[in-house]
Ligand SMILES: NC(=O)c1ccc[n+]([C@@H]2O[C@H](COP(=O)([O-])OP(=O)(O)OC[C@H]3O[C@@H](n4cnc5c(N)ncnc54)[C@H](OP(=O)(O)O)[C@@H]3O)[C@@H](O)[C@H]2O)c1
C-alpha cells in the first residue's frame, strides 16, 4: 500500500511492535504520542491527545489507514475513539483497525465495558473497519507479577485462567490487516496455552528466583464470576506460539 498509516498508541507495548513491522515493510508510518519524540527511526512522529482532541485533526491529514493501539486503560477511551472516528471521517480515511480484547462481552468489568463501547463506536463509524481481539499479552502478566513481588505476600487471582500471548504475534496480525480491505471482526488471536494465574505466578517466581507466600484473591461480583468462568479465553484460537516461559527467559535469562 502507498498511503500513510497513522498508528495511535505507537509508543505502547503493542503499538511499537506494529510500528516496527510496518516500517520494516516500507510503509509510510505516522506515530501518534502525547509527547514530542525524536525521529531517526523511520517514523513521522506527531503529537496529539485523543482525550482532549488536541492535534488529532492535524495527525489525520492525508492518512489512508488508522491503526488504533492507544488506550488510557479507563473509560476515557470511549471519548478518545469518538474523536478518532470523527477526525478520520473528515479526513476520508479508508480503513480503521481497532485493537480489542477477547471476552469483553463475557466479563463485566469497567474497562471491558469501555472497550465494548469503543467497538460499537468503530462499528457504527461509517468507516471501513476491522476489529482484532487478542488475549492478554505476556507483558501484562509480567506487570501484574512485578507489582505483586514487591508486596509482602504475593496476590494470585483465585480460580482465574489466562491464555497469554506474545505481543509480537498480535502485532503481526494487526499489521496484516493494514494493507487489506476492512474485514469487520478479524479472527481472534489467543496465546498457545490456557494456564491458571497461580501456575503463571509460580513460573514467574521460579524464573525471578524469588520465594513468596501466595495469597489467593477472589474477585467479587459478576466480573469475578466472568473471569473464573474462563471469559477471557479463546481456546479455539490458540494460534500464538510464544509461551510465557519464553517471555520469562527474555526477562530473567535462563536458569
Ligand atoms: N495489554 C494487553 O494485555 C492487551 C490485550 C489485548 C488487547 N489489548 C489492547 O491493545 C491496545 C494496546 O494496549 P497496550 O497494552 O499496548 O497499551 P499500553 O502499552 O498501555 O500503551 C498505551 C498507549 O496509548 C497511548 N495513549 C494513552 N493515552 C492517550 C491519549 N489520551 N491520547 C493518545 N494516546 C494515548 C500511549 O501513548 P503516549 O504515552 O506516547 O501518549 C501509549 O502508547 C489497547 O487497545 C488494549 O486494550 C491489550
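The values are calculated or read from the model by the stated rules, or taken from the named source; none is laboratory data. Remember, predicted model here, so these are calculated numbers, not experimental data. Don't worry about glycine lacking a Cβ; one is built from the backbone with ideal geometry, like all the others, and counts go over all protein chains shown.
Here is a list of conditions, (1) modelled with pLDDT of 95 or more; (2) away from the ligand (no atom under 14 Å from the Cβ); (3) on the phi < 0 side of the Ramachandran plot; (4) in contact with a strand residue (DSSP E or B) (Cβ under 7 Å, 6 or more places away or on another chain), and residue 39 meets all of them except one; can you say which number that is?
The number of the failed condition is (1).
Name, by its number, the condition in (1) surrounded by fewer than 19 Cβ atoms within 10 Å (Cβ to Cβ); (2) in a helix (DSSP H, G or I) that does not hold for residue 219.
Of everything listed in (1) surrounded by fewer than 19 Cβ atoms within 10 Å (Cβ to Cβ); (2) in a helix (DSSP H, G or I), residue 219 misses just condition (2).
Looking only at segment 222-239, count how many residues are within 17 Å of the chain's Cα centre (by Cα) and not in a loop (DSSP other than H, G, I, E, B).
Residues meeting the conditions: 1.
Scan 32, 21, 50 and give me the residue that is in contact with a helix residue (DSSP H, G or I) (Cβ under 8 Å, 6 or more places away or on another chain), touching a residue at least 60 places away in the same chain (Cβ under 8 Å) and buried (at least 17 other Cβ atoms within 10 Å of the Cβ).
21
Residues to consider are 206, 198, 212, 202; find the one that is surrounded by 14 or more Cβ atoms within 10 Å (Cβ to Cβ) and not in a helix (DSSP H, G or I).
Every option except 212 fails the conditions.
Check residue 183 against each of (1) under 25 Å from residue 116 (Cβ atoms); (2) under 19 Å from the mean Cα position of the chain (by Cα); (3) crowded, with 16+ Cβ neighbours inside 10 Å and name the one condition it does not meet.
In the conditions (1) under 25 Å from residue 116 (Cβ atoms); (2) under 19 Å from the mean Cα position of the chain (by Cα); (3) crowded, with 16+ Cβ neighbours inside 10 Å, residue 183 misses (3) alone.
Look at residue 132 and say whether it is more than 14 Å from the ligand (Cβ to nearest atom) and either crowded, with 16+ Cβ neighbours inside 10 Å or within 19 Å of residue 180 (Cα to Cα) (or both).
No, not satisfied.
Does segment 53-82 hold any residues that are more than 20 Å from the chain's Cα centre (by Cα) and either in a loop (DSSP other than H, G, I, E, B) or surrounded by fewer than 16 Cβ atoms within 10 Å (Cβ to Cβ) (or both), and which are they?
Those that are more than 20 Å from the chain's Cα centre (by Cα) and either in a loop (DSSP other than H, G, I, E, B) or surrounded by fewer than 16 Cβ atoms within 10 Å (Cβ to Cβ) (or both): 53, 54, 55, 57, 58, 61, 62.
So, residue 169, is that one outside any helix (DSSP H, G or I) and in contact with a strand residue (DSSP E or B) (Cβ under 8 Å, 6 or more places away or on another chain) or not?
Here the answer is no, as residue 169 does not meet what is asked.
Checking residue 139 against (1) in contact (Cβ under 8 Å) with a residue 60 or more places away in the chain; (2) in contact with a strand residue (DSSP E or B) (Cβ under 7 Å, 6 or more places away or on another chain), only one condition comes out false. Which one?
(2) is the only condition that residue 139 fails.
Pull up segment 143-166, narrow it to residues that are in a helix (DSSP H, G or I) and in contact (Cβ under 8 Å) with a residue 24 or more places away in the chain, then point me to the one that is farthest from the ligand (Cβ to nearest atom).
Step by step, filter segment 143-166, then rank; the result is 148.
Restricting segment 91-114 to residues that are assigned to a helix (DSSP H, G or I) and in contact with a helix residue (DSSP H, G or I) (Cβ under 7 Å, 6 or more places away or on another chain), which is surrounded by the most Cβ atoms within 10 Å (Cβ to Cβ)?
114
So which of 76, 70 ends up being touching a residue at least 60 places away in the same chain (Cβ under 8 Å) and near the ligand (Cβ under 8 Å from one of its atoms)?
Being touching a residue at least 60 places away in the same chain (Cβ under 8 Å) and near the ligand (Cβ under 8 Å from one of its atoms) holds for just one of 76, 70, which is 70.
Going by the structure shown, is residue 140 within 14 Å of the ligand (Cβ to nearest atom), part of a helix (DSSP H, G or I) and surrounded by 20 or more Cβ atoms within 10 Å (Cβ to Cβ)?
No: the conditions fail for residue 140.
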